[in-house]
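Q: Quick one: structure below, then a few questions.
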Amino acid sequence: MATDSKHIRGLIFVLLGATLWGVGGTASDFIFKNTPVTVEWYVAFRLTVSGIILLFAYWLFSRKQQPVRMDRRTLGMLIIYSLLGMTMVQYSFMAAIGYGNAAIATVLQYTGPIYIILWLVIRKYSKWTIADAFIITGMIAGVVLLATNGDLSKLAVSPPALVWGLISGVALAYYTLHAQVLLYRLHPLQLVGGSMLIGGIAMNFIHPIWRFDFTFEWTAGLVAILLFSVLIGTTLAFLLYISSLKHISSKEAGILGTMEPASAVISSVLWLNISMGWYQTIGIIIVLGVAIYISVGRKDK
């Protein structure tokens, strides 16, 4: 019974974490469209605050179970991962939201698995299969429908949003592959929190968080949405997701993780009145369907 209750807790955690990620993206979209907050400031603030909180959570709850094992090589790998992985994922994703919307950005980021498959095949870590061809073809078809809404003569999504969304997929692939190496040396909270803090420090050189537009008429509601997108939609979402992995399989986490784009689409439509064409809706379903297929079938191999 204790094992069953822990498994149920893990399922709840991953569902809640993924949902908060999606809604947090929509909250970011609202902030970009209704306040003078820029993508650069927001990413610097998000990474810095979340990194500090997650590292504090590691120190508070997991330090004794898994002490820090930081040598020069690990630190170098972590810095590279922080800049090319964590920071690039966060910036490209937020730029896609800024130029487009949270629904489009989140779905485009889910093209990341096709780059992982291509990398593994090119590096000869796995063999090319018919299933791989199906996955890549499906993803491309879904993105084309999402970007054009069925009319190939014009884009239904702004070109910068499309480009940054696809870049976020590539960055997510690197983020995922490089993380597997570092997780042999670091606790997940160390890795996520440390890479966020390093990325936040780097982003502060581009746009310091203390350069904030205080002249804007910030209402309590806007401040609450801003803090929700960072503290709940980022920090708590990561904590819930990482905690869930103690009690459920990676397959279950992968499948239930698709609640992120689903919740981003639903919250964008209901909250921000984002309209989706029929072909775009079909494209979203295809991309999420392929993502679920990867979680069920590909990970077993």
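The values are calculated or read from the model by the stated rules, or taken from the named source; none is laboratory data. Quick caveat, the model's predicted, so the values are computed rather than measured. Virtual Cβ from ideal backbone geometry, glycine too; neighbours counted across all protein chains shown.
Q: Filter the helices (runs of 4 or more DSSP H) completely within region 97-152 down to those with at least 1 residues that are charged (D, E, K, R).
A: Correct list: 130-148.
Q: Return yes or no: is residue 265 aliphatic (A, V, I, L, M), within 27 Å of residue 149 (Cα to Cα) and part of a helix (DSSP H, G or I)?
A: yes
Q: Scan 224, 264 and give me the residue that is among the small types (Gly, Ala, Ser), exposed (fewer than 15 other Cβ atoms within 10 Å of the Cβ), within 19 Å of residue 26 (Cα to Cα) and at pLDDT 90 or above.
A: Unique residue meeting the criteria: 224.
Q: While we're on this one: Could you tell me which numbered condition residue 4 fails, if it satisfies all but one of (1) surrounded by 15 or more Cβ atoms within 10 Å (Cβ to Cβ); (2) closer than 28 Å to residue 248 by Cα?
A: Of the numbered conditions (1) surrounded by 15 or more Cβ atoms within 10 Å (Cβ to Cβ); (2) closer than 28 Å to residue 248 by Cα, the odd one out for residue 4 is (1).
Q: Another one. Checking the conditions here, which among 51, 22 is at pLDDT 95 or above, of a type outside the set (A, V, I, L, M), under 19 Å from residue 240 (Cα atoms) and not in a loop (DSSP other than H, G, I, E, B)?
A: 51
Q: Hey, among 78, 120, 47, which residue is within 24 Å of the chain's Cα centre (by Cα), crowded, with 24+ Cβ neighbours inside 10 Å and under 17 Å from residue 175 (Cα atoms)? Step through it out loud before you land on a result.
A: Details: 78 fails: crowded, with 24+ Cβ neighbours inside 10 Å; 120 fails: crowded, with 24+ Cβ neighbours inside 10 Å.
Selected residue: 47, the only one of 78, 120, 47 that is within 24 Å of the chain's Cα centre (by Cα), crowded, with 24+ Cβ neighbours inside 10 Å and under 17 Å from residue 175 (Cα atoms).
Q: Take region 11-34 and flag every residue that is farther than 19 Å from residue 161 by Cα and surrounded by fewer than 20 Cβ atoms within 10 Å (Cβ to Cβ).
A: Answer for region 11-34, where residues must be farther than 19 Å from residue 161 by Cα and surrounded by fewer than 20 Cβ atoms within 10 Å (Cβ to Cβ): 11, 12, 15, 16.
Q: Just name the residue that is farthest from the chain's Cα centre (by Cα) out of those in region 161-192 that are outside any helix (DSSP H, G or I) and free of Cβ contacts under 8 Å to residues at least 40 places away in the same chain.
A: 184
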